[in-house]
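Every read-out reported here was derived from the displayed coordinates using simple, explicitly stated rules and does not represent laboratory data. The model shown is predicted, which means the values in this text are computed figures rather than measured ones. Glycine gets a Cβ as well: all are built from the backbone with ideal geometry, and neighbour counts include every protein chain shown.
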Amino acid sequence: ELDFNRIDGGHGFRFHIYLERGCPAASIRRLRTDIPKLVELGLSGGAVENFLDTTEGGLMVLAGKPRCGKINTFAALINYINSQRRTRIITIEPMIQFWHNSQESTVIQRELGTDTRSFCQAVRQAVQQDPDILAVGGIPDRETAEVIIQAAAGGHLVLALLDGTSCVRALDELLSAFSGGDGRMHQLMGRVMKLLVCQHLVQRADGRGLIPAMEILECDDQVRAMISHGDLREVHQHMGARQMQTLGRHLSRMIEVGLVTREEAVKYVDESEIEVLPPSQLEIPTAEPAVDDETPLMSWL
């Protein structure tokens, strides 16, 4: 069996070659280029867009449950940088699902199993190519976490995907990878961590599919100190005190504009986290999930 990607006429295709009853067979899938924009995900004009516009080095983590749409959002982050900044981007992905044509940036996409044996090995090799930005589609083990943090400490901007149900739990998972050590990796992680986003999919009030709700943790000096000491107990409270975008605050804004019902929101946060908000600058997702056969599971999954 063979799996590989090919470019033809500016389009990317995924080939799977195999045997069926002893005869050669193949399936061909066109890689997606309909990458969502940040404004469609409710991420424009705020902390995430500002981070992508200005940050030269450090670590950003995009977390969420499996099948929460974070692969789409990850592609949107890469696409935004590709369209706005002159950089060299290397992606390392478990399976390439979106095809990034180089725009302002040069984009190199590598796939696990086809182009490299492991995330850890691929990150080590990518650092030697001196990219400006590394986009890593998973952190499966301690070794990968360590090389990612070291790459961020070396001046590269690293975007990484991680399974997790909140920003704090994603941080805790990373810290737990280095439990039992001498604390140096915790300190280094505290120094390089810049931004965490945790994505959830919630049911629209009009019943027309799902829409993303985002929690955004901006790592200021206090948060970095908490990470360095391995103590995350006050992070959520700190987010509220500093008016960061907690999940409760984002859902409250979505309730206010009629995108989500209160009954749906309390499935994800405690009732006490639902606020009555004044007019806010929080961006609200505008895109409606597609429901055609070309985009499986309404495009967000």
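Over the chain, dividing the summed -39,500 (n - 2.57) contributions of all DSSP H runs of at least 4 residues by the number of residues returns a 222 nm mean residue ellipticity of -9000 deg cm²/dmol. Our compactness index for the chain, the C-alpha radius of gyration over the empirical 2.2 N^0.38 Å, is 1.03. Applying a DSSP loop filter and a limit of 15 other Cβ atoms within 10 Å to the trypsin sites (Lys or Arg not before Pro) in the stretch 1-97 leaves Arg21, Lys37, Arg67, Arg86.
Give me the base-10 log of I(q)/I(0) for the stretch 174-253 at each q in 0.11, 0.16, 0.17, 0.18 Å⁻¹, Debye formula, one uniform scatterer per Cα, rounded to two decimals. For the stretch 174-253 at q = 0.11, 0.16, 0.17, 0.18 Å⁻¹, log10 I(q)/I(0) is -0.38, -0.67, -0.73, -0.78. Diffusion of the stretch 104-198 by Stokes-Einstein, at 25 °C in a medium of 0.890 mPa s and with Rh set to the Kirkwood radius over alpha-carbon pairs, works out to 176 µm²/s. Taken as Cα centroids, the stretch 98-154 and the stretch 215-243 sit 27 Å apart, rounded to the nearest whole angstrom. Straight-line reach from Lys37: taking Cα to Cα under 13 Å and skipping same-chain neighbours fewer than 8 places apart, the aspartates and glutamates in range are Glu49, Glu283, Glu288. With the convex hull of its Cα atoms as the shape, the stretch 66-155 has an orientation-averaged projected area of 5.7 nm².
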